[in-house]
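Down below is the structure, laid out as structure tokens.
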Amino acid sequence: MPSANNSWDAIIIGGGPAGCNAAMVLARCHRKVLLIDEGKQRNILSHGMHNYLTRDGMLPPDFLEITHQELDKYGVTRLKTRSECARILPDKRFEVEVPGAETHTCRRLLLATGVTDNVPDVPGMKELWGCSVFHCPFCDGWECSGKRIGLYAQRHNGFGMALALLPFTKALTLFTDGSHYLRRAQREELNHHGIRVVTRRITHMVTEGEKLTAVALNTGEEIACEYMFVNHGYKTNNELALALGVKCTAKGAALVNRHQQCNIFGLYVAGDAALDAHFVSIAAAQGARAGIAIHESLLKEDNRAALQLNRALSE
Ligand SMILES: Cc1cc2nc3c(=O)[nH]c(=O)nc-3n(C[C@H](O)[C@H](O)[C@H](O)COP(=O)(O)OP(=O)(O)OC[C@H]3O[C@@H](n4cnc5c(N)ncnc54)[C@H](O)[C@@H]3O)c2cc1C
């Protein structure tokens, strides 16, 4: 049973850049905000964050630590846990459950739950995720410049991503790990750019400490490789959104308007879980946008209620 203490202007589920920036905007407008986050930010294992002005190369845990200090300053309440259940109440508020049978209610709900990357199930690859194995040339391509780069693309066509990696190296190998999806014209184009294609099965990543040194094939051959990009997509963390009735694309991204509001009144989605490019700066910007929209819609509601009360008292 929610108490007055468990009643919030806004609850935000997901404490990455999207959720935290929304919390910042709302708390600075004196809104009572609860931020629920289980702490598995997508880039948490990254060796350094890029494309975010003034924070180039910063480790994500350091970024989060500063973020939390700033949120604490403005009185955001943070719960480090996972929320498995949220529902819409008859008066259009939301009820959110957290472990321990505790429930919280809010007037507006923001889901900023991000996505989870599909890291291929190749021995050694998960351990290298974020330090030698990456998914995004924009995020990590520069750091691999001029090095021997591999591209692992088994279930998806690696052709486009191979071309996207060309600005970073002349030593690129596309590993299909036993798949034969490339068309002849594509093979010719890759060959023209000097991109080697290896279709043999991979047995494991060869490493020295946290560094990738080679890719081992089932023939016993090892192909020298310092960095690996993968093209295996992601799963959107949208279980709560779907359960609440949020309309999503076939890939699971929530459909939102330019204020990050979805098809349900009072419910917003921001960051990687909504449809857009997956960048820290874009997630943070979407969070800010949701924060503004939530505050403004609460303001309208508060002003309307105050006006009605005034009228009732003066009658
Ligand atoms: C290896 C790697 C490197 C990257 N490098 C860069 C880079 O250099 N520059 C860049 O711009 N982008 C980079 N990205 C992308 C970047 O991480 C994302 O775009 C960004 O984190 C999205 O922010 P978000 O707030 O939407 O989601 P996230 O940061 O993923 O945060 C979502 C949070 O919600 C929590 N959550 C989910 N469901 C629940 C629930 N039910 N209850 C409670 N909590 C929940 C998760 O645990 C997580 O903490 C990188 C990604 C990866 C994988």
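The values are calculated or read from the model by the stated rules, or taken from the named source; none is laboratory data. A quick note: this is a predicted structure, and the numbers were derived from the prediction, not measured. Positions of Cβ are backbone-derived with ideal geometry, glycine not excepted, and every protein chain shown enters the neighbour counts.
Under the condition of being of a type in the set (A, V, I, L, M, F, W, C) and part of a strand (DSSP E or B), which residue from the stretch 14-51 is nearest to the chain's Cα centre (by Cα)?
If we take residues in the stretch 14-51 being of a type in the set (A, V, I, L, M, F, W, C) and part of a strand (DSSP E or B), then Met49 is nearest to the chain's Cα centre (by Cα).
Does Glu97 satisfy being within 14 Å of the ligand (Cβ to nearest atom) and without any contact (Cβ under 8 Å) to a residue 40 or more places away in the chain?
Criteria met by Glu97.
Answer with yes or no whether Gly130 is on the phi > 0 side of the Ramachandran plot and within 10 Å of the ligand (Cβ to nearest atom).
yes
Hey, does the stretch 105-113 have a residue that's surrounded by fewer than 16 Cβ atoms within 10 Å (Cβ to Cβ) and of a type in the set (A, V, I, L, M, F, W, C)?
Taking every residue of the stretch 105-113 in turn, none turns out to be surrounded by fewer than 16 Cβ atoms within 10 Å (Cβ to Cβ) and of a type in the set (A, V, I, L, M, F, W, C).
With the structure loaded, tell me whether Ile11 is crowded, with 24+ Cβ neighbours inside 10 Å and in a strand (DSSP E or B) or whether it fails that test.
yes
Tell me which residues, restricted to the stretch 100-121, are near the ligand (Cβ under 10 Å from one of its atoms) and either at pLDDT below 95 or not in a loop (DSSP other than H, G, I, E, B) (or both).
Hits for the stretch 100-121 are Leu111, Val115, Thr116, Asp117.
Would it be correct to say that Thr54 is over 21 Å from the mean Cα position of the chain (by Cα) and either of a type in the set (Asp, Glu) or within 15 Å of the ligand (Cβ to nearest atom) (or both)?
no
Scan the stretch 243-275 for residues that are β-branched (Val, Ile, Thr) and not in a strand (DSSP E or B) and jot them down.
Val246, Thr249, Val256, Ile264
When Ile44 is evaluated against the numbered criteria (1) within 18 Å of Ser281 (Cα to Cα); (2) more than 9 Å from the ligand (Cβ to nearest atom); (3) surrounded by fewer than 15 Cβ atoms within 10 Å (Cβ to Cβ), which criterion, by number, is the only one it fails?
(2)
For a quick check of your reading of the model, give me the residue pairs whose first member lies in the stretch 61-74 and is of a type in the set (A, V, I, L, M), whose second is in a helix (DSSP H, G or I) and surrounded by 16 or more Cβ atoms within 10 Å (Cβ to Cβ), with beta-carbon atoms closer than 7 Å and at least 6 apart or on different chains.
Note: pairs meeting the criteria are Leu71/Cys20; Leu71/Ala23; Leu71/Met24; Leu71/Ala27.
Run down Thr77, Thr116, Thr54 and say which single residue is out of contact with any Leu (no Cβ under 6 Å at 6 or more places or on another chain), polar (S, T, N, Q) and more than 29 Å from Leu255 (Cβ to Cβ).
Unique residue meeting the criteria: Thr54.
With the structure loaded, tell me whether Leu163 is without any contact (Cβ under 8 Å) to a residue 60 or more places away in the chain, assigned by TED's automatic domain parsing to the domain that holds Cys136 and surrounded by 14 or more Cβ atoms within 10 Å (Cβ to Cβ) or whether it fails that test.
When the stated conditions are applied, Leu163 passes them.
Among the residues of the stretch 276-283, are any crowded, with 24+ Cβ neighbours inside 10 Å and under 12 Å from the mean Cα position of the chain (by Cα)?
yes
Using beta carbons and a limit of 7 Å, which pairs, at least six apart or on different chains, have the first residue in the stretch 219-239 and under 12 Å from Phe134 (Cα atoms) and the second one aromatic (Phe, Trp, Tyr) and not in a strand (DSSP E or B)?
Pairs found: none.
Would you pick out the residues in the stretch 130-151 that are within 17 Å of the chain's Cα centre (by Cα) and more than 9 Å from Val230 (Cβ to Cβ)?
Scanning the stretch 130-151 gives Gly130, Cys136, Pro137, Phe138, Cys139, Asp140.
Quick check on the stretch 250-262: of everything there that is in contact with a strand residue (DSSP E or B) (Cβ under 9 Å, 6 or more places away or on another chain) and more than 16 Å from Gly287 (Cβ to Cβ), which residue is nearest to the ligand (Cβ to nearest atom)?
Gly252
Among the residues of the stretch 134-150, is there at least one that is surrounded by 19 or more Cβ atoms within 10 Å (Cβ to Cβ) and of a type in the set (Phe, Trp, Tyr)?
Yes; the residues of the stretch 134-150 include at least one that is surrounded by 19 or more Cβ atoms within 10 Å (Cβ to Cβ) and of a type in the set (Phe, Trp, Tyr).
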